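Enquirer: Take this structure first; my questions come after.
None of the figures in this text is laboratory data; all of them are computed from the coordinates on show. These figures come from a predicted structure and were not determined experimentally. Here Cβ is always computed from backbone atoms with ideal geometry, including for glycine, and neighbour counts include all displayed protein chains.
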Amino acid sequence: MTVRVVVGAQFGDEAKGKVTDYLAADARYVVRTGGGPNAGHTIHLPEGTVVLHQLASGVLRHGVVGVSGPGMVLQPISLEEEMKTLEARGLLKGDVVISDRAHALLPVHEVQDGWEDELRAKRNPEATLGTTRRGIGPAYADRAGRFGLRMADLTRPALLRERLETLYATKTQVPGLPPLDELATRLTEVGGRLAPYIRPTESLLWDAIGQGENILLEGAQSALLDVDFGTYPFVTSSHPTSAGALVGSGIPPTEVDEVIGVLKAYATRVGAGPFPTEDTGERGEFLRRVGGERGATTGRQRRCGWLDLVLLRYASRLNGFTSLAVTKVDVLGGLDEVPVCVRYSMPDGSTVRDVLPSQSDDLTKAQPVYEHLPGWPEFHERTKARLRLEGSRALPSTLRRFLDRVTEETGVPVEWVGYGPGRDETVHLGRKPASQARTELAEWAG
Ligand code: IMP
């Protein structure tokens with residue numbers, strides 16, 4: 001039995017969907033532990049490309065249970081649509097389970113999200129967060145304020161109506177809300193259809209642990225968007241960290257075996273907020289074009305830049321990564337050299353190596369100091385065929401040097417490398433205990 005947690009190590013969009021789908025092959029349960037329709041996990045299957053928003057990636061595999069867990073905020077109408085679309089394509093192969101404790105994200109929250117971000121923009125254009133406008137912030141706020149409706153409430157019409165009326169009473173200042181009666185009717189109908197999928201999920205997972213099943217906790221967003229430990233206020237409203245995955249599933253910390261940090265070989269960010277290694281020049285444009293860096297949920301262009309080892313060290317310490325999965329190394333193939341940021345130089349002359357300043361404007365002033373590593377060749381079909389046949393031995397030596405550098409700087413071994421979007425375009429580098437990598441880091445630092 002193994003409980004693995006997959007966490008985004010950058011600003012989201014690290015190809016977590018691809019990595020969880022790959023790891024789901026060994027799992028019996030895959031659990032989404034936070035966020036909601038703001039996520040877009042893209043998975044390239046032989047049958048075509050799928051973008052999952054609210055379902056766990058396990059639903060794409062026979063014999064796997066995909067749990068939309070208690071830490072999520074679920075939009076019931078679009079969740080049902082997502083299930084129907086997958087089913088119509090013949091891709092809903094696993095079982096769907098929806099936590100009765102997950103909060104319902106309602107059209108009210110979507111309207112409020114847009115209204116709030118415009119309000120920020122009116123007061124100060126630089127303060128706008130550029131949220132996905134999917135209602136995430138208001139839904140989590142109502143959860144904390146105890147005005148929220150939970151998925152179980154949708155199966156009890158009288159309670160649903162009562163709670164919806166109270167919720168509406170708190171939102172008199174928000175313009176353009178959908179009529180309450182219409183919404184109550186719609187939610188009752190959808191709730192009735194979703195009822196067979198809604199159930200307690202924590203006991204399901206505890207029983208699974210007792211039976212020795214493998215469980216994969218699929219994080220959405222990323223550590224640097226964590227509401228407390230990210231670049232506040234330019235963050236999402238949940239805890240997309242390893243700790244958040246526990247609260248978002250009900251699994252105790254003592255049951256977790258591995259924490260896998262997922263990162264791209266470069267960096268991107270969508271929406272506003274500090275991004276020290278952003279490259280707004282031609283090379284950034286190159287990354288956007290070759291990496292296809294456009295948001296899977298909103299279609300917005302992603303800001304692009306270089307791997308930031310300061311933020312990666314911070315994310316490693318925050319999450320306790322036991323291994324890393326580095327994705328999209330093929331995008332950098334053919335570059336003469338690959339810049340990686342090893343530290344920040346701050347305006348007061350100090351150096352930052354592994355902490356994130358709590359004030360976002362301090363991070364904006366950080367000057368990244370780069371090391372330029374030798375690039376690796378393009379990934380032609382021939383190289384990909386060799387990788388499939390020979391495994392990690394076929395990785396170019398300069399790419400190995402890059403991966404070793406990541407491990408040297410973080411103390412966390414790289415265990416998987418993604419070299420293309422396809423399900424089979426991932427190579428396993430073998431196991432090296434994190435403790436050994438940390439010892440090497442200490443020796444290197446000393
Ligand atoms: P929200 O989660 O919609 O409230 O958006 C808050 C911030 O997090 C915005 O900058 C979004 O662009 C960003 N964000 C939310 N979800 C994702 C994601 O899945 N990938 C990348 N960025 C995200």
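Enquirer: Per Stokes-Einstein, at 37 °C and 0.692 mPa s, what whole-number D in µm² s⁻¹ belongs to segment 9-144, with the Kirkwood radius over Cα pairs as the hydrodynamic radius?
Expert: Diffusion coefficient, whole number: 209 µm²/s.
Enquirer: To continue, here is another question. Using the Kirkwood radius built from alpha carbon pairs, what does the Stokes-Einstein equation give as D for the chain at 4 °C and 1.567 mPa s, in µm² per second?
Expert: 58
Enquirer: Is the C-alpha gyration tensor of segment 51-104 telling us rounded, prolate or oblate? Criteria: a/c under 1.5 is rounded; beyond that, a/b larger than b/c is prolate, otherwise oblate.
Expert: It comes out oblate by the Cα gyration axes.
Enquirer: With a 10 Å radius around each residue's Cβ, average the other Cβ atoms per peptide and rank 401-407, 361-367, highest first.
Expert: Numbers: 401-407: 18.4, 361-367: 15.3.
Averaged packing, sorted descending, gives the order 401-407, 361-367.
Enquirer: Using a Gaussian network for the chain with springs between C-alpha atoms less than 10 Å apart, which of these wobbles most: SER323, SER203, SER68?
Expert: It is SER203.
Enquirer: For the chain, what is the percent of antiparallel DSSP beta bridges, rounded to the nearest 5?
Expert: Counting DSSP beta bridges with both partners in the chain, the antiparallel share is about 40 percent.
Enquirer: Going by amide H atoms built from the backbone, whose H comes under 5 Å of the H on LEU91, apart from near neighbours?
Expert: Amide H neighbours of LEU91, under 5 Å, 5+ apart: none.
Enquirer: Additional query: Apply the Karplus parameterisation 6.51 cos²θ - 1.76 cosθ + 1.60, with θ equal to phi minus 60°, to every residue of segment 157-171 and state each ³J(HN,Hα) to the nearest whole Hz, in sequence, with x for glycine and proline.
Expert: The phi angles translate into x, 5, 5, 4, 4, 4, 5, 5, 4, 5, 4, 4, 5, 8, 10 Hz.
Enquirer: If you build the convex hull over the alpha carbons only and average its shadow over all orientations, what do you get for segment 103-195? Give it in nm² to one decimal.
Expert: Projected area, direction-averaged: 6.0 nm².
Enquirer: Which whole-Hz ³J(HN,Hα) couplings does segment 309-325 yield from phi under the Karplus relation 6.51 cos²θ - 1.76 cosθ + 1.60, θ = phi - 60°, glycine and proline marked x?
Expert: Running phi through 6.51 cos²θ - 1.76 cosθ + 1.60 with θ = phi - 60° gives 6, 5, 5, 5, 4, 4, 4, 5, 5, 5, 9, x, 4, 9, 7, 10, 10 Hz.
Enquirer: Can you give the calculated 222 nm mean residue ellipticity of the chain, where each DSSP H run of n ≥ 4 adds -39,500 (n - 2.57) and the sum is split over every residue, rounded to the nearest 500 deg cm²/dmol?
Expert: On the way: 14 runs with 154 residues, N = 446.
Roughly -10500 deg cm²/dmol at 222 nm, from the helical runs in the chain.
Enquirer: Next question, about the same structure. Ranked from highest to lowest mean number of other Cβ atoms within 10 Å per residue, what is the order of the peptides 309-319, 208-218, 171-181, 374-384?
Expert: The peptides rank, most packed first, as 309-319, 208-218, 374-384, 171-181.
Enquirer: Order of 28-39, 387-398 by packing, highest average Cβ count within 10 Å first?
Expert: On the way: 28-39: 28.4, 387-398: 14.1.
Sorting 28-39, 387-398 by mean packing, highest first, produces 28-39, 387-398.
Enquirer: Which one, LEU194, TYR168, GLY130, is farthest towards the positive end of the dipole of segment 103-195 when Lys and Arg carry +1 and Asp and Glu -1 on their Cβ?
Expert: LEU194
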